[in-house]
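**Student:** Dropping the structure in here first, questions after.
The values are calculated or read from the model by the stated rules, or taken from the named source; none is laboratory data. Not measured: the values here are computed from a predicted model. A quick note on method: Cβ atoms are made from the backbone with ideal geometry, for glycine too, and the neighbour counts reach across all protein chains shown. Ligands, DNA and RNA are excluded from the accessible area calculation, which covers all protein heavy atoms including side chains. Shrake-Rupley method; radii C 1.70, N 1.55, O 1.52, S 1.80 Å.
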Amino acid sequence: MKKLDLDDIPVNPSSRESLTQLQARLSRRRFLAGGLGMGAVGFLGGMLPVTQALAAAGSVPAAPVLGFSPVPMSTADTVVVPPEYAHAVIKRWGDPLHAGAPAFLGDASDNGAAQEQQVGYNHDGMHFFPIDGKNGASGSSTEGLLVTNHEYVTPHYFFPAGVQPGGPGWTLDWVRKAQHAQGVSVTHIRLDTQGRWQLVEDSPYNRSIHANSPIDMAGPAAGHALLRTQADATGRRVRGTFGNCGNGWTPWNTYLTCEENFTDYFGVGHRDAQAVDYPDEAYRGHMQRYKGGAKASDPDYAWDLHDKRFDWTQEPNEYNRHGWIVEIDPFDPKAAPRKLTALGRFKHENAALSIAPDGHVVVYMGDDQQSEYLYKFVSEQTFRSGDASHNRQLLERGVLYVARFDAGADGQGVGRWIPLALDTATPDGSRLGALFNEDMGELLIKTRQAADAVGATPMDRPEWVAVHPDRREAYVTLTNNSARGSGKPRWPGGPLHPGADAANPREKNIYGQIVRWRETGENASSRAFTWDIFLLAGNPGVYGQGDPRHGSRNITPENTFNSPDGLGFDPQGRLWIQTDGKYGNDGDYAGQGNNQMLVADPASGELRRFLTGPRGCEVTGITWTPDQRFVFINIQHPGEGPDLDEAQARPLSASRWPDGDRATRPRPATVVIWKQDGGMVGS
């Protein structure tokens, strides 16, 4: 999710125009004239494959009730929920993780040691684990472990005035502070008799897993030569996780955290980036496929100036040890987290799990960058209820697939999953094994290159995936892609971005869409699927009917939004949609206001705005208590907007959230929401 300017760095080398040949078989005129339908939208004007299949089977479930009053667009510096709801702020950046931890210093002068004992920065994906639900039971709805990702730091507010990454006062301790603020926090929380969620301060579960925590490598790439460093000759023991974006959770009660923009942290130390060259052409090609043309680290981090792990000229393989999904047991503080190499290496957004009818575990994943791909993993072995030791090995072995979206002769959306295996044929008549030295570990470390080679479909920045609890259809947010059809190279000297295609129907796509698919036979491990565009975000207040930027017909001036990002289903099948887009409320985005959270009924297509966030924020992360009477969401980077100098000089100039009159600077935090009559949230 991170900053749009970094996510927009294009690095896909696939030179084909994706699905442009399919455009000729689709009625562009029909699409432009009629727009997409209400929820059950057509495939560019045609009938929904998913709805057809459901109707034929007689299995269309009753529509979930959206029983709340929609909230209007807002530009206020506060969280707004429906009038029949209430909310509270918990787990702010800097709050102590346990008894005796240092209190937050309002001027942000807390050092690295203090930050390690405090809640991290820029909250993202999260999950509530009931405290007595360790064996898969529904568990308590008043006590549990709230496990939260912390994606990155905003130096404007994270450091005290005068401390800027790479500046004169930049020291190793400031690097350590930033490293300790990213990763994952585990907090034991409990609902008290006054109805307030409080930290259980003396709980042994409370902890931070950060950029310096020891983590094991697991799966086919563990121990590979490309993972070995001066500090770890085995390639099996990594330090740290960072860039943690979305998440997932498993039926055996572990947490999955997804490493996204890991490339931004690697640079050339104090060297002149223009004067530094890559060790060889193979290294150049591999690094540029993930990092683009930039050799230096992002100026907001500059870790490589004091920590040689992040200087790729000194530790060329450290870069390969990140960009994975990490599995954490929240109930065992002594257990080392594990990076799951079988799930591939790319800029992971989230991980959505499903269990196929035959018991195989399926994980859906998006690679969040312009013109990147959608993936799924299918486990080699099957899930065994109650057998935790067996189940915890399921994500170590299996087959990783990448998606290709096509259209049938009748214009219906069809697709297939292409295995990223050594014996998979490539369109040019070769095999993946021949391209990766018959080495599955190397293929997984270079997942993007393997997906390129088999002709996967470049998508408009695949973000979160969610699976419907009953129908088993899956949905993915494609947040935006302003470079599609732009004629710009994906990196200096690289091929151009593809034009519009069936699944990504707009060039210079600034609003985004949600695509859904149903696996053949309703079997998540199937290699074929049907698909449609569920929702096309747009702005009907700016663009008229017939303009693709108007959006689908369930987008109205009352619920307009841009850049769908976070996504999740509640057990009743309501689809909760969170945004991370433009919030200037002018031009193309007039009338859309601050970032927000909406709720959709997948059957009818009804869409209502449930929440708006404070100024400059992203709304992200969602999880419920088992009784669904509380929902937790995160507010990331409140106050984003001012430049670094202005924000440090006037830290309250853009936002005072969440502390209001007591604020010294904006602070990312978690918001817990409940219905005032005690009912289920959303009903």
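**Student:** Roughly how many nanometres apart are two label points built 7 Å out from the Cα toward the Cβ at residue 111 and residue 390?
**Tutor:** For the pair residue 111/residue 390, the computed spacing is 5.1 nm.
**Student:** Of the listed peptides 329-339, 154-164, 445-455, what is their order by residue-averaged count of other C-beta atoms within 10 Å, with the highest listed first?
**Tutor:** On the way: 329-339: 17.4, 154-164: 20.2, 445-455: 23.1.
Most protected by this proxy first, the peptides run 445-455, 154-164, 329-339.
**Student:** Restricting attention to the range 221-257, which trypsin sites (Lys or Arg not before Pro) occupy a DSSP loop and are surrounded by at most 13 other Cβ atoms within 10 Å? Please list the in-between numbers first.
**Tutor:** On the way: sites: 228, 236, 237, 239; in loops: 228, 236.
Here no loop site has a sparse enough neighbourhood.
**Student:** Given that just one value was derived from the coordinates, which of (1) 35.7; (2) 33.7; (3) 27.2 is mean projected area of the Cα convex hull in nm²?
**Tutor:** (3)
**Student:** Can you give the FRET efficiency for residue 645 and residue 425, using 1/(1 + (r/R0)^6), R0 = 51 Å, r = Cβ-Cβ distance, to the nearest 0.05?
**Tutor:** The value I calculate is 0.40.
**Student:** Additional query: Over the Cα atoms of the range 485-534, what radius of gyration and what Dmax do you get, in Å?
**Tutor:** Calculated on Cα positions, Rg and Dmax stand at 15.1, 44 Å.
**Student:** Sticking with this structure for a sec: In the chain, carbon and sulfur make up what percent of the accessible area (probe 1.4 Å)? Please list the in-between numbers first.
**Tutor:** Numbers: 11300 of 22270 Å².
Carbon and sulfur: 51 percent of the exposed surface of the chain.
**Student:** Still on this structure, I have one more. Once ligands and nucleic acids are excluded and a 1.4 Å probe is used, how much of residue 583 is accessible, expressed in Å² to the nearest 10?
**Tutor:** Roughly 60 Å² of residue 583 is accessible to a 1.4 Å probe.
**Student:** So, one more: Quickly work out the residue 380-to-residue 486 label distance, labels modelled 7 Å from Cα along the C-beta direction, and quote it in nm with one decimal.
**Tutor:** My value for the distance between the label points is 4.2 nm.
**Student:** Provide the gained length on full extension for the span residue 527 to residue 173, in nm with one decimal, where the gain is 0.36 nm per separating residue minus the Cα-Cα distance.
**Tutor:** Here the segment from residue 527 to residue 173 would lengthen by 122.5 nm.
**Student:** I need two numbers for the range 374-466: Rg to one decimal and Dmax as a whole number, Cα atoms only, in Å.
**Tutor:** 15.5, 48
**Student:** Shifting gears a bit: With viscosity set to 1.306 mPa s and temperature to 10 °C, compute the Stokes-Einstein D of the range 66-215, Rh being the Kirkwood radius across alpha carbon pairs; µm²/s, no decimals. Display every interim value, and only then the final one.
**Tutor:** Numbers: Rh = 17.2 Å.
Here the translational diffusion coefficient equals 92 µm²/s.
**Student:** Take the Cα atoms of the range 286-404, find their three principal axes, and give me the spread along each one in whole Å, biggest first.
**Tutor:** 48, 41, 21
**Student:** Which trypsin sites (Lys or Arg not before Pro) in the range 258-290 sit in a loop by DSSP (not H, G, I, E or B) and have at most 16 other Cβ atoms within 10 Å of their own Cβ?
**Tutor:** On the way: sites: 271, 284, 289; in loops: 271.
Passing both the DSSP loop test and the Cβ count: 271.
**Student:** At each listed q (0.10, 0.16 Å⁻¹), what is the log10 of I(q)/I(0) that the Debye formula gives for the range 152-311 modelled as equal alpha-carbon point scatterers?
**Tutor:** So the normalised log intensities work out to -0.48, -1.10.
**Student:** Please identify the trypsin sites (Lys or Arg not before Pro) of the range 95-192 that satisfy two criteria: DSSP loop assignment and at most 10 other Cβ atoms within 10 Å. Which are they?
**Tutor:** Numbers: sites: 134, 176, 177, 190; in loops: 134.
Answer in residue order: no site qualifies.
**Student:** Run a plain Debye calculation on the range 509-581 (Cα atoms as equal point scatterers, no solvent) and give log10 I(q)/I(0) at q = 0.21, 0.25 Å⁻¹, rounded to two decimals, same order as the q list.
**Tutor:** -0.95, -1.12
**Student:** Another one. According to the square roots a ≥ b ≥ c of the eigenvalues of the Cα gyration tensor, what is the shape class of the range 457-548, taking rounded for a/c under 1.5, prolate for a/b larger than b/c otherwise, and oblate for the remainder? Let's see the in-between values first.
**Tutor:** On the way: a/c = 2.57, a/b = 1.43, b/c = 1.80.
Oblate, because a/c is 1.5 or more while a/b does not exceed b/c.
**Student:** Using the structure shown, list the pairs from 347/488; 91/308; 488/582; 177/308; 295/347; 291/488 with a Cα-Cα distance above 25 Å, or answer none.
**Tutor:** Listed pairs above 25 Å: 91/308.
**Student:** Please turn the phi angles of the range 437-446 into ³J(HN,Hα) values with the Karplus equation 6.51 cos²θ - 1.76 cosθ + 1.60 (θ = phi - 60°), one per residue in order, whole Hz, x for glycine and proline.
**Tutor:** Running phi through 6.51 cos²θ - 1.76 cosθ + 1.60 with θ = phi - 60° gives 6, 6, 10, 5, x, 5, 4, 5, 5, 10 Hz.
**Student:** Could you give the length gained by full extension between residue 201 and residue 520, i.e. 0.36 nm per residue of separation minus their alpha carbon distance, to one decimal place?
**Tutor:** Working: separation 319, 0.36 × 319 = 114.84 nm, distance 4.86 nm.
That works out to 110.0 nm of additional length.
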